[in-house]
Amino acid sequence: MRAYVLLVASVAALGGLLFGYDTGVISGAILFITKDFALPTRLQAFTISVVLIGCMLGAVTAGAIADRIGRRATLLAAGLVFLVGSVISALTPSEIVLLAGRFIVGIGIGFSSVVAPLYISEVAPAPSRGALVSLYQFAITVGILAAYVIDYALAGGGAWRWMLGLAVIPSLILIFGMLVMPESPRYLFKIAMGDRARAELLRIYDDPAASEREAESIAESLRAKSAGFEVFRNPQVRVALFVGVSLAVLQQITGINTVIYYGPQIFEMAGLGSASTSILAQTLVGSVNCALTLVAILFVDRIGRKPLLYVGLSGMFVALSALALAFAQAHLSGSLSTIALVSMMLYVGCFAFSLGPIVWLLISEIFPLPARGLGMSLSTLANWVGNFLVSQFFLTMIERLGRPVTFGIYAVLCIVTILFVRAMVPETKQELLEEIRVWPA
Ligand code: BGC
C-alpha cells in the first residue's frame, strides 16, 4: 500500500474518530450534566439522543452536498461543524444551548459517516480498498475507546465540559488535513475535470497502465447521464439501494449499540459488582472492539468480505445465544457472570472484524458512481434510524420482554443477516469500483 494513499485515508478517517468519540463520550458526561443542570429523567434521555437526530439530518443531506460541492469540501465542512458543535457544547451556559451544541455535533457525525467512507473508497486502489475503508471503522473504535478512557479519567473532577470539548483537537486536525488533501478522482470525472482526475489517479496508483485502466472504466460508468433521484429508475441502483439499506439496518438491529452504549448496565445485570468494575469492563469492551478491527484490515482484501461476515456473524450468534441462556437463570454470579462477560467480549470482537467495518465498506462500493452520493446517504440514514430505535427501546425491551428474549431476538437477527448476505451481497474483493454489480449477485 502506498504511503500517500494511506495518509489520505487516515486524514479522512478522523471523521470516524470523531463519530466514535462523540457518540461514546456522552455516557460518562451525562451523570455530571444532570447534576449541574438538575435535569429531569426525560431531558436526560433527550440530551443523550439529540445527537442521533442530528446524525439523521446530516446523513440524509450529505450525499447531495457531496455530489454538489465535492467529497473533500464536504469532509472539510464536517470538520467545521464538529468544531462549532463541540465548542458550543463545552462552553454552554444552559441545557438548551447544550442541546443545540449536541445537535450540531450530530450533523457533523451524519456528514462524516456518509462522506468519509465514500471518499476513502473512491481514492483507494482496488486491491487495498477493503483495508482502507476498514481503517475508518478502526478510527470509530479508537474514538469510542478514547471516550471511555477520557470519561473515566475526568470523572473524578466531574469535568464534563472538558469531556465534550476535547473533540476540538481532532476536529482541527481534520479541517487542516482536508485543506491539503486531494479531491476524489471519481468526483473530478463526474464534474468533467478529466485531466485533474487522471493526474490524481496516477498519484494513487503510481502506475500509468493501472491508472489509465481505472480512468477508462470511470469514464464509461459516467456515460449514462442522469441526475438526482432519476438514478433510481435504473433497476441495478434500486437493488443496490435495497441491499445498502438492509445491510445498514441489520448492522444496528443485531444489537451492537446495546453493548457500546449500555455496557455498564448490562455488566451490572450480569452480577459484576460495583459500578466502577462495570465501567472498567466497558473499557475492556472498547479495547476488544479496537483490536479485532485490525483483523478486518489485514484480511478483508485477501479472504474477502463475505467469508469474514459469515465467521463474524456466526460468532455473534453463538455469543448472543450464550448471553440469552445465562440471563435465563434467576441470578447471575460466579461462573455464570464470567460466561456473560466472555460472551459480551466475543460478541463485540466478532462484530469488530465483520459487520462493523464491512457494512460501511459495502455500502461505499455497491452503488454506481452517478448514484453513489445519494445511495450512501439513504443507507446511512437507515443506519442512524436503526441505531436510534435500538438505543431508545433497549431498556424498554429488557423490561417488557425480559433479558433472555431480548438477546435471543438479536441472536436470531444474526442468522437473518447471514441468509441475507448469502442471497443478496456480491463479493467485491479486488474488483474495480465500476465493475461491481449487485444484481445478479
Ligand atoms: C456502527 C456504530 C457502532 C460502532 C461500534 C459502527 O460500525 O455503525 O453504530 O457504535 O461500529 O464500533
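Every read-out reported here was derived from the displayed coordinates using simple, explicitly stated rules and does not represent laboratory data. Since this is a predicted model, take the numbers as computed values, not measurements. All Cβ positions, even for glycine, are placed from backbone atoms using ideal geometry, and neighbour counts span all protein chains on display.
Laid out as a table, the results:
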quantity: Check on residue 60, closer than 24 Å to residue 248 by Cβ, under 22 Å from the mean Cα position of the chain (by Cα) and buried (at least 24 other Cβ atoms within 10 Å of the Cβ); calculated: no
quantity: Candidate set from the range 251-286 (those that are in contact (Cβ under 8 Å) with a residue 12 or more places away in the chain and among the hydroxyl-bearing types (Ser, Thr, Tyr)); member that is farthest from the ligand (Cβ to nearest atom); calculated: 278
quantity: Search result, residues across the range 351-385 that are more than 16 Å from the ligand (Cβ to nearest atom) and of a type in the set (A, V, I, L, M, F, W, C); calculated: 366, 367, 369, 371, 374
quantity: Residue match in the range 246-261 (condition: out of contact with any Gly (no Cβ under 8 Å at 6 or more places or on another chain), under 27 Å from residue 406 (Cβ atoms) and outside any helix (DSSP H, G or I)); calculated: yes
quantity: Residue within the range 268-288 that is touching a Ser or Thr at 6+ places or on another chain (Cβ under 8 Å) and surrounded by fewer than 18 Cβ atoms within 10 Å (Cβ to Cβ) present; calculated: yes
quantity: Where a residue in the range 344-371 is within 10 Å of residue 251 (Cβ to Cβ) and without any contact (Cβ under 8 Å) to a residue 12 or more places away in the chain and its partner, wherever it lies, is among the aromatic types (Phe, Trp, Tyr) and away from the ligand (no atom under 11 Å from the Cβ), with Cβ under 9 Å and at least six apart; calculated: none
quantity: Single residue of the range 287-341 satisfying the filter (within 16 Å of the ligand (Cβ to nearest atom) and without any contact (Cβ under 8 Å) to a residue 60 or more places away in the chain) that is farthest from residue 411 (Cα to Cα); calculated: 295
quantity: Identity of the residue in the range 1-31, within 16 Å of the ligand (Cβ to nearest atom) and aromatic (Phe, Trp, Tyr), that ends up surrounded by the most Cβ atoms within 10 Å (Cβ to Cβ); calculated: 21
quantity: Filtered residue count, the range 386-404, keeping only those that are away from the ligand (no atom under 14 Å from the Cβ) and of a type in the set (A, V, I, L, M); calculated: 4
quantity: Cross-chain or 6+ apart pairs with Cβ under 7 Å, the range 130-147 first and within 16 Å of residue 5 (Cα to Cα), then part of a helix (DSSP H, G or I) and basic (Lys, Arg); calculated: 130/305
quantity: Which listed residue, of 396, 406, is touching a residue at least 12 places away in the same chain (Cβ under 8 Å) and not charged (D, E, K, R); calculated: 406
quantity: Which listed residue, of 231, 245, is away from the ligand (no atom under 16 Å from the Cβ) and of a type in the set (A, V, I, L, M, F, W, C); calculated: 231
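A quick yes/no check of all residues on (1) within 16 Å of the ligand (Cβ to nearest atom); (2) closer than 30 Å to residue 363 by Cα; (3) without any contact (Cβ under 8 Å) to a residue 12 or more places away in the chain:
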{"site": "33", "(1), (2), (3)": "no, no, no"}
{"site": "46", "(1), (2), (3)": "no, yes, no"}
{"site": "53", "(1), (2), (3)": "yes, yes, no"}
{"site": "75", "(1), (2), (3)": "no, yes, no"}
{"site": "90", "(1), (2), (3)": "no, no, no"}
{"site": "102", "(1), (2), (3)": "no, yes, no"}
{"site": "106", "(1), (2), (3)": "yes, yes, no"}
